[in-house]
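Below is one structure, written out as C-alpha cells, with a few remarks after it.
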Amino acid sequence: MRALSQSTTEDLDVAPRARRRQPTARSLTGEDPALRAAYRLCRRTTRRHDPAIHALIQLMPAVLRPAGWALWAAANALDDLADQRDAGPAERAARVEAWTEALQRDLAAGTSTDPVRHALVDTALRWRLDLSGLRGAMAGTRDDVRDRRFADWAAWRAWCNEGIVPWVDQVRHLFEQAGAPMTLRLDQRDDYERFVNGAQLTDILTDLGPDLAQGLLLLPQEALDACPGAEDDLRQGRWSPAAAALIGAMTDQARRWVTRPAMTRGMHPGAATVLNTSARLLRAQLDAVEATGPALLERAPHPSLVARARILAPARVRSRLAWSLTPLTVPGPRRPAVEASGPSPAAGDTALRPPPPHPDGARPPRIAADRMPSHVAIIMDGNGRWAEQRGLPRSEGHRAGGAAAHEMIYGALEIGLRHLTLYAFSTENWKRDTEEIATIMEAIRRDLDEGPIRDLDVRQRWSGRPDKLPEELVQALVREERRTRARTGLTLTVCFNYGGRDEITRAAAALAQAARAGDVAPHLIGEDDFARYLPHPDMPDVDLLWRTGDERRTSNFLPWQATYAELYFTSDYWPDVDRRDLWRAITEYGRRQRRYGAAPLTSPQEPPSAPSRPV
C-alpha cells in the first residue's frame with residue numbers, strides 16, 4: 001500500500017504516557033545491540049520512505065510496532081530490488097530470488113547478517129509467524145520486474161490479492177497473537193479483498209507518472225478498452241479527454257473499494273481504528289489524485305497537511321484509549337530456530353512429507369492424462385448408519401468417518417488429483433441431534449489443529465456459511481486457509497455448513513450489488529461474470545461426483561460446479577471406504593465418454609483396471 005506513503009511527511013507518535021505502559025523494542029530485544037539496531041533501521045526506513053505507513057504502525061499497540069516495522073521494511077526491500085534500474089529484468093528477478101532464499105536460510109539459523117532480515121527473523125520466531133504464506137507474494141514481486149498485462153479485472157484482482165493480502169494477513173496474525181484480534185467476519189471477506197484492491201488501485205494511480213516513464217500501465221485491458229484512445233494517450237504522455245475519463249473512472253472505482261464501513265463491524269476498536277484510518281488516508285490520496293489533473297503524468301500527488309492532520313490526530317486519541325483499556329499478550333521467549341526451518345517463504349514448506357502408504361501396500365493405477373479427472377467431489381454419506389449397524393452411537397460413526405476422509409486425501413495425493421472437495425456438513429444438518437452436531441464440530445476443529453494432513457502438500461479451503469458455527473472453529477478454518485495458501489499439491493475444499501442453493505443466492509446478491517455500484521454492466525453479464533462472485537471462483541467444474549451410502553441424489557451439493565459432472569454411487573458406508581475406492585472411482589470415470597451435448601466421435605480407450613480389493 002505504497003499510496004499511503006504519499007499521505008504525510010510527519011512522524012505522528014503515540015504519546016509518551018501510552019508508550020510507557022506497553023513493552024518497547026528495547027524491552028523485547030533485551031541487551032542484543034545488533035537486534036535493536038536492526039529494528040531501529042526498519043523504523044527509520046519506514047518513517048523515511050512511507051511516513052503514512054509509519055503513522056499507521058504507530059496506531060498499533062507499542063508491543064507490535066517493531067514487528068510492523070520489520071514486515072514493512074522486508075516488503076520494501078523486495079520492492080526496491082525489483083525496481084532497481086541498474087540491471088535488466090532477469091538480473092533484478094535473480095536479486096529478489098536470492099534475497100528470499102537467504103531469508104529461508106536465516107530462518108533456519110535464527111539470525112541474519114542483513115539487518116532487515118535479522119529483524120524479520122526475530123519477529124517471525126518471537127510472534128510465531130508462518131512466513132510460508134508469503135511465498136506467493138515474494139514470487140510475485142520477482143515476476144513484477146517485467147511488464148504486467150491483465151486481460152480483465154478478475155486477472156488484475158488475482159494479482160493484487162496474491163501480492164498484498166499475504167503481507168496484510170501477517171499483520172492480522174500479529175494482532176491475534178497479542179490478544180486483540182483483527183477479526184474479519186467471514187461474510188465480509190469480499191469487503192476485505194475489495195479494500196485491498198482499492199489500496200492497490202490507489203497506489204497505481206498515485207505512481208502513474210513514474211510507472212509510465214518505465215513503460216508500465218498496470219490497469220486491466222477491460223478498463224482501458226472502456227475509454228477508447230486513453231491507453232495510447234497515456235503511453236505517449238498526453239492528457240486527453242479520454243485519459244481524463246479513464247483516470248476519473250479509476251478514481252471512482254478505487255474510492256468505492258476502499259469505502260467498506262461494514263468491514264470493521266464487531267472488530268476490536270483499536271484494530272478497527274487502524275483499518276478505518278488507512279481507509280481515510282486512501283480517500284485523501286484519491287482526492288489529491290483528482291485535484292492534480294494533467295500534472296499526474298509528471299509527479300506523484302500529495303494530500304495537504306491539513307487533510308492529513310484531520311485524519312491522524314483523532315485516530316491517535318482513539319487508538320491510545322483503546323489500547324490503554326486492553327490487556328495485551330507479550331511474547332515469551334523466542335521459539336528455537338530449528339523449528340523455523342520448516343515453513344519457508346522461498347521454497348514453501350520444506351518439512352512437507354509424503355502421505356503414508358496403504359497398510360496393504362496398494363499403489364494407485366496408472367491413469368492416462370486425458371482420462372484423469374481434475375476435480376472429484378464426494379458426498380461422505382453413511383456415518384450414522386454405519387454406527388447404528390454396529391450398535392454404536394451415531395457420533396462414533398463420524399469419528400470413524402474422519403479416518404476415511406484422511407484416506408481419500410492420501411489417495412488423491414498418490415494418484416495426482418489436483419482438486420478434491422468433501423461434503424462434511426450441510427445447512428440442513430442442523431436438524432440433527434445436538435450431541436451428534438457437537439461431535440462433528442469438535443472432530444473438524446481437532447483435525448485442523450492436530451490432524452495428520454497438516455504436514456502434507458495440501459492447500460486447505462473452506463466453503464460454507466459462518467452462521468451458527470463456533471467462533472473457535474471459524475478461526476481455525478480461516479487460519480488453515482491462510483497457513484496453506486502457498487501449497488501447490490492437492491487443493492482440498494471442505495464444504496461445512498454449506499448449501500448449494502444458498503451459495504448461488506449469495507453470489508447473485510453480490511453480483512446485483514456490484515451491478516448497482518457500477519462494477520459490472522447488467523446487460524453484459526454472462527456465466528463467467530456470475531462465477532466470479534462464488535466463494536471460490538477459481539474452483540474448476542466437478543468432473544466426478546461420488547456419493548457413498550447407497551443413496552442416489554446430489555443433495556444440494558455444488559449445483560453450479562457439478563452441472564456436467566459424471567455421477568458415481570456406491571453402496572458402502574463412508575467409514576468402510578479407503579483410498580482404493582477413490583482409485584476405483586477414478587478408473588470408472590476414465591471409461592466414460594463425456595460429450596457435453598456433441599455426438600460421439602470415437603470410442604474411449606479402455607484404461608487399466610483398478611487394483612483389486614479383498615472383500
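What does the convex hull of the Cα atoms of the range 394-490 come to per residue, in Å³, rounded to a whole number?
Measuring per residue, one finds 97 Å³ for the Cα hull of the range 394-490.
How big is the chain along each principal axis, measuring the range of its Cα positions in Å and listing the largest first?
77, 60, 48
Which one, Gln84, Pro181, Val96, is farthest towards the positive end of the dipole of the range 2-323 when Lys and Arg carry +1 and Asp and Glu -1 on their Cβ?
Pro181
Projected area of the range 2-323, taken from the Cα convex hull and averaged over every viewing direction, in nm²?
Dividing the Cα hull surface by four gives the mean projection, 16.0 nm².
Based on DSSP loop calls and a cut-off of at most 16 other Cβ atoms within 10 Å, the longest stretch of the chain free of exposed GluC sites (Glu not before Pro) is what?
The answer is 32-297.
How big is the dipole moment of the range 2-323 about its Cα centre under a simple scheme where the beta carbon of each Lys and Arg is +1, that of each Asp and Glu is -1, and everything else is neutral? Debye, nearest 20, please. Could the numbers behind the result be given before it?
On the way: 44 positive and 40 negative charges, 362 e Å.
Around 1740 debye, computed over the range 2-323.
Express the relative contact order of the range 2-323 as a whole percentage, based on alpha carbon pairs under 8 Å and six or more residues apart in sequence.
This gives 22 percent for the range 2-323.
For the range 382-423, which trypsin sites (Lys or Arg not before Pro) pass both filters: DSSP loop (anything but H, G, I, E, B) and at most 13 other C-beta atoms within 10 Å?
Arg390
How long is the gain from Arg310 to Asp502 if the chain were fully straight, where each residue apart is worth 0.36 nm and the alpha carbon distance is subtracted?
64.8 nm
Give the residue from Gln285, Ala517, Gly198 lying farthest towards the positive end of the charge dipole for the chain; charges sit on Cβ (+1 for Lys and Arg, -1 for Asp and Glu) and the dipole is referred to the Cα centre.
After comparing all options, I get Gln285.
Determine, for each peptide in 115-122, 580-587, 243-250, the mean count of other beta carbons within 10 angstrom over its residues, then list the peptides with the highest first. Working shown, then result.
Details: 115-122: 24.8, 580-587: 22.9, 243-250: 18.9.
Highest-to-lowest ranking by the protection proxy: 115-122, 580-587, 243-250.
What does the range 361-436 give for Rg and for Dmax, in Å, if only its C-alpha atoms count?
Over the range 361-436's Cα set, Rg and Dmax evaluate to 15.5, 46 Å.
Working out 0.36 nm times the residue gap between Asp32 and Glu222, then minus their Cα-Cα distance, what length gain in nm do you get to one decimal?
63.1 nm
Farthest toward the dipole's positive end in the chain, which of Val478, Gly68, Gly248, given Cβ charges of +1 (Lys, Arg) and -1 (Asp, Glu) about the Cα centre?
Result: Gly68, furthest along the dipole toward the positive end.
May I ask for the net charge around Arg418, where only other residues with Cβ less than 11 Å from the Cβ of Arg418 are counted and Lys, Arg are +1 while Asp, Glu are -1?
Numbers: positive: Arg459; negative: Asp543.
Here the charged neighbours net out to 0.
Where a number appears in this text, it was derived from the coordinates with a stated rule and is not lab data. The model shown is predicted, which means the values in this text are computed figures rather than measured ones. Please note: Cβ atoms are built from the backbone with ideal geometry, for glycine as well, and neighbour counts cover all protein chains shown.
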